[in-house]
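See below for the structure under consideration.
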Amino acid sequence: MDGAIKKQVLRTFTYGLYAVSCADEGEVNIFTANWLTQASFEPPLLAISVENDSKSLPMILRSRKFTVNVLRSGQRELAGKLGKSAMQHPDKLAGVEYIPGSNGCPVLRDALAWVACEVRHTLEAGDSTVIIVEVVDVGMLGEGQPLTMNEAGFRHAG
């Protein structure tokens, strides 16, 4: 398989860009995710892929919860800030405004919407872990369009 063509083809897939927040043992983190999709209507389930070497994965696996914050169109700078490694940039949440959500995980004040989730299943998938979660609460914070990978100009493909 030609590696350059593989990347080109995988980059044709459309993705949203989300800020996923987690809380565990008094610590919070928020990371940027784009591999997220609805997996079931009833019960309402989402699937998300989280990198195995991230700070957030162990937090999520211990607490069994997280919140998906839907970023607004135009929030590229915030997505870039949250996309930095928390282990390399421990102060990355400085200046980011959030409140505790219904499940204790941060809800961004400037998000378009949020989805509180509880972990139901996990599956190791190469360098990531796929997590299936049930939607347990939701909220709309405003009107507008969600941020997409294409708008942000971020390029992620294996």
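The values are calculated or read from the model by the stated rules, or taken from the named source; none is laboratory data. Here the structure is a predicted model, which is why all the values come from computation and not from measurement. In this analysis, Cβ positions are derived from the backbone assuming ideal geometry, glycine residues included, and neighbour counts consider all displayed protein chains. Surface accessibility is based on the protein's heavy atoms, side chains included, excluding ligands, DNA and RNA. Shrake-Rupley method; radii C 1.70, N 1.55, O 1.52, S 1.80 Å.
What to note about this one:
- Residue in the range 61-75 that is farthest from Val20 (Cα to Cα), counting only those that are in a loop (DSSP other than H, G, I, E, B) and open to solvent by less than 40 Å² (accessible area, probe 1.4 Å): Gln75
- Residues (in a helix (DSSP H, G or I) and either closer than 15 Å to Val28 by Cα or in contact (Cβ under 8 Å) with a residue 12 or more places away in the chain (or both)) located in the range 76-125: Arg76, Leu78, Ala79, Gly80, Lys81, Leu82
- Scanning the range 126-149 for residues that are aliphatic (A, V, I, L, M), farther than 20 Å from Glu51 by Cα and in a strand (DSSP E or B) returns Val135, Val136, Val138, Met140.
- Taken over the range 2-59, the residue count meeting the criterion of being on the phi < 0 side of the Ramachandran plot, more than 18 Å from the chain's Cα centre (by Cα) and open to solvent by 80 Å² or more (accessible area, probe 1.4 Å) is 8.
- Only one of the numbered conditions (1) outside any loop (DSSP other than H, G, I, E, B); (2) at pLDDT below 95; (3) over 21 Å from Leu123 (Cβ atoms) is not met by Thr14, and that is (1).
Residue-by-condition table, conditions (1) surrounded by 20 or more Cβ atoms within 10 Å (Cβ to Cβ); (2) more than 15 Å from the chain's Cα centre (by Cα); (3) not β-branched (Val, Ile, Thr):
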residue: Leu82; (1), (2), (3): yes, no, yes
residue: Ala86; (1), (2), (3): no, no, yes
residue: Asp91; (1), (2), (3): no, yes, yes
residue: Val96; (1), (2), (3): no, yes, no
residue: Ser102; (1), (2), (3): no, yes, yes
residue: Leu108; (1), (2), (3): yes, no, yes
residue: Cys117; (1), (2), (3): yes, no, yes
residue: Leu123; (1), (2), (3): no, yes, yes
